[in-house]
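J.: Below is one structure. I have some questions about it.
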Amino acid sequence: MAFTLPPLHYGYDALEPTIDAQTMTLHHTKHHQAYVDKLNEGVAEEGLEGQSLEQILGGISRRSKKVRNNGGGHWNHSFFWETMTPGGSQPSGQVLEAINSTFGGFDSFKKKFAEAGVGQFGSGWVWLVATGGGSLQITSTPNQDNPLMDDAPVKGTPILGNDVWEHAYYLKYNNRRSDYLNAWWDVVNWAAVNERLGSVG
Ligand code: MN
């Protein structure tokens with residue numbers, strides 16, 4: 001069964017003014033679609049039909065650059081759309097407690113997360129990862145890599161992640177990646193983040 005582009009659960013303009021409609025439209029219908037199409041090509045070329053995307057990523061060190069970049073691209077973007085919600089939300093519950101105890105407060109966490117995003121040279125992602133035993137860690141990855149990959153420097157379950165490729169912000173924020181990272185908190189879906197943390201246990 002081929003991988004398919006998941007629908008957005010909100011309109012392309014629903015994250016305005018934080019993320020503009022043109023960026024969202026191009027990002028979902030062009031960039032993400034291209035990752036899906038190239039992933040399906042790579043899966044056929046390497047005989048990976050029947051494996052889940054998580055299984056493929058867990059053995060990515062044995063795969064081609066094509067499967068790595070496009071498999072990561074598909075997983076990361078599917079995760080990213082679900083990490084945001086129109087109007088945003090306030091962090092609460094388990095994830096807020098874990099963030100406060102790990103990072104010494106929510107503002108301190110936001111600062112460290114943005115620093116990791118700004119510090120990722122070139123294109124990539126910044127993540128908040130559950131690494132087991134209730135531990136949280138901030139990490140960043142280049143290109144379309146992610147913490148589910150078997151050769152990731154920090155492995156774990158991503159519960160929050162932001163896309164720091166220029167295609168995610170350049171039309172509105174131009175080169176100002178830190179402005180984008182700081183504005184992005186206004187559209188985070190903390191209920192989804194809490195649910196992910198809860199399912200890690
Ligand atoms: Mn992207």
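The values are calculated or read from the model by the stated rules, or taken from the named source; none is laboratory data. Owing to the predicted nature of the structure, the values given are computational and were not obtained by experimental measurement. No Cβ is skipped: glycine too gets one built from the backbone with ideal geometry, and neighbour counts run over all protein chains shown. Keep in mind that these areas ignore ligands, DNA and RNA; they rest on the heavy atoms of the full protein, side chains included. Shrake-Rupley method; radii C 1.70, N 1.55, O 1.52, S 1.80 Å.
J.: Keeping every protein chain in place, order K155, K172 by accessible area at 1.4 Å, biggest value first, i.e. largest first. Please list the in-between numbers first.
T.: Values: K155 110, K172 80 Å².
Reading off the accessible areas and sorting them downward yields K155, K172.
J.: Turning to a different aspect of this structure: For a quick check: with amide H placed at 1.01 Å from N, whose amide H comes under 5 Å from V164's, ignoring anything fewer than 5 positions away on the same chain?
T.: G124, W125, V126
J.: Taking the Cα atoms of the range 125-165 alone, what are Rg (to one decimal) and Dmax (as a whole number) in Å?
T.: 9.4, 31
J.: Taking only DSSP H segments of four or more residues, each worth -39500 (n - 2.57), what value at 222 nm results for the chain once the sum is divided by all its residues, to the nearest 500 deg cm²/dmol?
T.: -13500 deg cm²/dmol
J.: Using the basic label-point model (7 angstrom from Cα toward the beta carbon), what is the R176 to F106 distance in nanometres?
T.: Once both label points are built, they end up 2.4 nm from each other.
J.: Express the Stokes-Einstein translational diffusion coefficient of the range 21-82 in µm² s⁻¹, to the nearest whole number, given a Kirkwood radius over alpha-carbon pairs, 4 °C and a viscosity of 1.567 mPa s.
T.: It comes out at roughly 109 µm²/s.
J.: What is the list of residues in the range 151-189 whose amide nitrogen lies under 18 Å from a point 7 angstrom out from the Cα of T25, following Cα to Cβ?
T.: 167-173
J.: Right, something else. Could you state the accessible area per residue of the range 51-201 in Å², with a 1.4 Å probe and every protein chain left in place? Mind showing how you got there, number by number?
T.: On the way: 6370 Å² over 151 residues.
Dividing the accessible area of the range 51-201 by its residue count gives 42 Å².
J.: How large a share of the accessible area of the chain, in percent, is made up of carbon and sulfur atoms when the probe is 1.4 Å and the other protein chains stay in place?
T.: Exposed carbon and sulfur together represent 51 percent of the surface.
J.: Under the rule a/c < 1.5 gives rounded, and otherwise a/b versus b/c splits prolate from oblate, where does the range 98-163 land using the Cα gyration tensor?
T.: oblate
J.: Let me ask another. At q = 0.09, 0.11, 0.17 Å⁻¹, work out log10 I(q)/I(0) for the chain with the Debye formula, treating every Cα as an identical point scatterer and leaving solvent out; two decimals please.
T.: -0.32, -0.49, -1.21
J.: With labels modelled as points extended 7 Å from the Cα through the Cβ direction, what inter-label distance (nm, one decimal) is found for E115 paired with E54?
T.: It is 3.2 nm.
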